[in-house]
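A.B. asks: Sharing a structure, written as structure tokens. Questions coming.
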Amino acid sequence: MTIKSTIIVIEDEKTIGEFIETTLKAHDYKVFTAASGQEGLSLITSGLPDLILLDLGLPDIDGIEIIKQVRSWSMLPIIVISARTQEQEKVLALDSGADDYITKPFGTPELLARIRTALRHFHRLGQSAPASPEPLYFSDGLKIDFTRRLVTLNDSEIHLTQIEYKLVSLLAQNSGRVLTYDYIIHHIWGPYADNNNNQILRVNMAHIRRKLEANPGEPHYIFTEIGVGYRMKENQQQEALN
């Protein structure tokens, strides 16, 4: 058995913590658990993990503060797992430095997929040379060739406007991760974007979905994290390489 990576789980609900630990160990991850924020911070500094799974509602330190403390010295992947469903809580966690946010209850396949994505991005950032974008995105018939700026769906070319392509490309190169509205707007339209760009973003995403999705009301490729941002389906091209 080959241990993949070390993960620290900071969760004060014993049942959930044990479930996550058992699930991760069954998939060959090395796991350490903490039931409080202070214990979790001690494990992070001493255990040198590859990824942190963090509950926000801890008995001693709020999870947002833990994110800020870790981000002051490390870019370790942090995935929040929380029962807090309010949009502002998700946005605050992501803006504070979390890489992803999963709302309880969650499924095992989703958790494992989010972990793989976060670890993959972190390992690329840790390369000695600057990481280059993946040359291709492929998922269930949707293919994006970033070199040729070509988008095809079931081998038929999809014609996108310049802005639509930039949006799809940005989401695809960060597939599996939640990108906040502010991140997308600033990345596409620059630091001087204003509130008008929020409406422009929504209009463009609606156009993209009509071109890519068989049923735009039930998206298969690009998912809306309500009040937070967008997430694109995991890149199966990357999965094949891991």
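The values are calculated or read from the model by the stated rules, or taken from the named source; none is laboratory data. Computed from a predicted structure; not experimentally measured. Positions of Cβ are backbone-derived with ideal geometry, glycine not excepted, and every protein chain shown enters the neighbour counts. The protein model used for the area step is the full one, side chains on, heavy atoms only, and it has no ligands, DNA or RNA in it. Shrake-Rupley method; radii C 1.70, N 1.55, O 1.52, S 1.80 Å.
A.B. asks: Return the residues of the stretch 1-43 that are in contact with a strand residue (DSSP E or B) (Cβ under 6 Å, 6 or more places away or on another chain) and more than 23 Å from residue 113 (Cβ to Cβ); say none if nothing qualifies.
C.D. replies: 34, 40, 43
A.B. asks: Given the structure, is residue 30 at pLDDT below 90 and either farther than 15 Å from residue 62 by Cβ or among the polar types (S, T, N, Q) (or both)? Lay out the reasoning, then the answer.
C.D. replies: On the way: at pLDDT below 90: no; either farther than 15 Å from residue 62 by Cβ or among the polar types (S, T, N, Q) (or both): yes.
Spelling it out, it is not the case that residue 30 is at pLDDT below 90 and either farther than 15 Å from residue 62 by Cβ or among the polar types (S, T, N, Q) (or both).
A.B. asks: Of the residues 76, 51, which is of a type in the set (A, V, I, L, M, F, W, C), farther than 21 Å from residue 225 by Cα, assigned by TED's automatic domain parsing to the domain that holds residue 20 and in contact (Cβ under 8 Å) with a residue 60 or more places away in the chain?
C.D. replies: Details: 76 fails: in contact (Cβ under 8 Å) with a residue 60 or more places away in the chain.
When all the criteria are applied, what remains is 51.
A.B. asks: Might you let me know whether the stretch 22-39 holds any residue that is under 20 Å from residue 183 (Cβ atoms), of a type in the set (S, T, N, Q) and free of Cβ contacts under 8 Å to residues at least 60 places away in the same chain? First the steps, then the outcome.
C.D. replies: Of the residues in the stretch 22-39, the ones under 20 Å from residue 183 (Cβ atoms) are none.
No, there is no match, as no residue in the stretch 22-39 is under 20 Å from residue 183 (Cβ atoms), of a type in the set (S, T, N, Q) and free of Cβ contacts under 8 Å to residues at least 60 places away in the same chain.
A.B. asks: Further, regarding this structure: When the stretch 140-195 is examined, which residues are found to be of a type in the set (S, T, N, Q) and either within 20 Å of the chain's Cα centre (by Cα) or at negative phi (or both)?
C.D. replies: We begin by selecting, within the stretch 140-195, every residue of a type in the set (S, T, N, Q); these are 147, 152, 154, 156, 161-162, 169, 173-175, 180, 195.
Selection gives 147, 152, 156, 161, 162, 169, 173, 174, 175, 180, 195.
A.B. asks: How many residues does the stretch 74-83 hold that are under 17 Å from the mean Cα position of the chain (by Cα) and either at pLDDT below 85 or part of a helix (DSSP H, G or I) (or both)? If you could, list the steps in order and put the result at the bottom.
C.D. replies: In the first step, residues of the stretch 74-83 are kept if they are under 17 Å from the mean Cα position of the chain (by Cα); the result is 75-82.
Add one more test, that the residue is either at pLDDT below 85 or part of a helix (DSSP H, G or I) (or both), and what stays is 75.
The total comes to 1.
A.B. asks: Return only the number of the condition from (1) open to solvent by 10 Å² or more (accessible area, probe 1.4 Å); (2) under 20 Å from the mean Cα position of the chain (by Cα); (3) at pLDDT below 90 that residue 50 does not satisfy.
C.D. replies: All conditions are met except number (3).
A.B. asks: Tell me which of these residue 94 doesn't satisfy, since it passes every other one: (1) in a helix (DSSP H, G or I); (2) buried (at least 22 other Cβ atoms within 10 Å of the Cβ); (3) in contact with a helix residue (DSSP H, G or I) (Cβ under 7 Å, 6 or more places away or on another chain).
C.D. replies: With (1) in a helix (DSSP H, G or I); (2) buried (at least 22 other Cβ atoms within 10 Å of the Cβ); (3) in contact with a helix residue (DSSP H, G or I) (Cβ under 7 Å, 6 or more places away or on another chain) applied to residue 94, the lone miss is (3).
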